[in-house]
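As structure tokens, the structure follows; a few thoughts come after it.
The values are calculated or read from the model by the stated rules, or taken from the named source; none is laboratory data. Everything numeric here is computed off the predicted structure, so don't read it as measured data. Ideal geometry is used to build each Cβ from the backbone, glycine not excepted, and the neighbour counts take in all protein chains shown. SASA here: full protein model, heavy atoms, side chains in, ligands and nucleic acids out. Shrake-Rupley method; radii C 1.70, N 1.55, O 1.52, S 1.80 Å.
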Amino acid sequence: MRILLTNDDGILAPGLKALERMAREISKDVWVVAPETEQSAASHSLTLHRPLSLRRISARRWAVNGTPTDCVYLAIHKVLAGKRPDLVLSGVNRGSNIGEDVTYSGTIAAAMEATLLRVPAIALSQYYDDGEYIPWKTAEVWGVKTVRALLKEGWPKNVLINVNFPDRPAGKVKGILAGKQGEHEVFDAFEERIDPRGRTYYWVGQDHVEDVQGGRGTDLRAVNEGYVSVSPLHLDLTHRPTLTRLRKVFN
Ligand code: MN
């Protein structure tokens, strides 16, 4: 099995090293094509207005001065042309990608791009509370189990899998739960500041809201309660019940 690895935290990220160790337990045929610099929250952006470079670091390791989507695109069309990967693993992201995070995430977007290019893909993210201690070993140990179980079961070609690991040591993880995408509580989280020239600028971003559970059977709930969360996502964003209603109104 040929496995392509990428991420949105950049080629030097510790989570990518954890992902490599995980992938090598599954296959010896592992390739890395990852962004030169951090691309968190890049979402599914493709670089159209400047050239891209592929920098070869070693035989099966490349860096791209672009987004996670650019990496998957160039990996499949160029680096692995004629030897398509059987699986794309994206991550392990520094921080969870649960609830509406999935719409911002570059980690998930890489898996989306692979899915569009008809390569099965799994996005993996490690939840943490304290940035000083991120339990990468949890992702590594549970990642191998989760990916193996997913590969055995399989999933449709227009679906990608979103996996999140809880913030606790591997031995304290309660198990693996499949669930739906949850919802964070949306709140204002930006700072307005004044620069040295007297101009106003803004710094956007959201802090974690610890007490939000995201509803029953969700990714948020599973991760908060100490389980590995597995959510199947698809690129069709259509909301079926509303479509049924609108068809009656318009068609
Ligand atoms: Mn990231």
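The figures follow:
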quantity: Filter result (within 15 Å of the ligand (Cβ to nearest atom), open to solvent by 10 Å² or more (accessible area, probe 1.4 Å) and not in a helix (DSSP H, G or I)) within region 101-121; calculated: 104
quantity: Qualifying residue in region 43-52 (condition: in contact with a strand residue (DSSP E or B) (Cβ under 7 Å, 6 or more places away or on another chain), open to solvent by 40 Å² or more (accessible area, probe 1.4 Å), more than 14 Å from the ligand (Cβ to nearest atom) and assigned to a helix (DSSP H, G or I)); calculated: no
quantity: Matching residues, region 62-71, being open to solvent by 40 Å² or more (accessible area, probe 1.4 Å) and either β-branched (Val, Ile, Thr) or closer than 19 Å to residue 87 by Cα (or both); calculated: 62
quantity: Test: residue in region 69-79 that is small (Gly, Ala, Ser) and closer than 15 Å to residue 113 by Cα; calculated: yes
quantity: Options 131, 154: the member that is on the phi > 0 side of the Ramachandran plot and open to solvent by 20 Å² or more (accessible area, probe 1.4 Å); calculated: 154
quantity: Members of region 70-100 found to be away from the ligand (no atom under 16 Å from the Cβ), part of a loop (DSSP other than H, G, I, E, B) and without any contact (Cβ under 8 Å) to a residue 60 or more places away in the chain, listed by number; calculated: 81, 82
quantity: Tally, over region 149-176, of residues that are out of contact with any helix residue (DSSP H, G or I) (no Cβ under 7 Å at 6 or more places or on another chain) and part of a helix (DSSP H, G or I); calculated: 7
quantity: Test: residue in region 176-196 that is among the polar types (S, T, N, Q) and loosely packed, with under 10 Cβ neighbours inside 10 Å; calculated: no
quantity: When residues of region 210-231 are limited to those that are in a loop (DSSP other than H, G, I, E, B) and modelled with pLDDT of 90 or more, the one surrounded by the most Cβ atoms within 10 Å (Cβ to Cβ); calculated: 226
quantity: Residue, nearest to the ligand (Cβ to nearest atom), within region 3-42, restricted to residues that are open to solvent by 50 Å² or more (accessible area, probe 1.4 Å) and in a helix (DSSP H, G or I); calculated: 14
quantity: Condition met for residue 207 (modelled with pLDDT of 95 or more and part of a loop (DSSP other than H, G, I, E, B)); calculated: no
quantity: Check on residue 143, within 25 Å of residue 11 (Cα to Cα), in contact with a strand residue (DSSP E or B) (Cβ under 9 Å, 6 or more places away or on another chain) and surrounded by fewer than 22 Cβ atoms within 10 Å (Cβ to Cβ); calculated: no
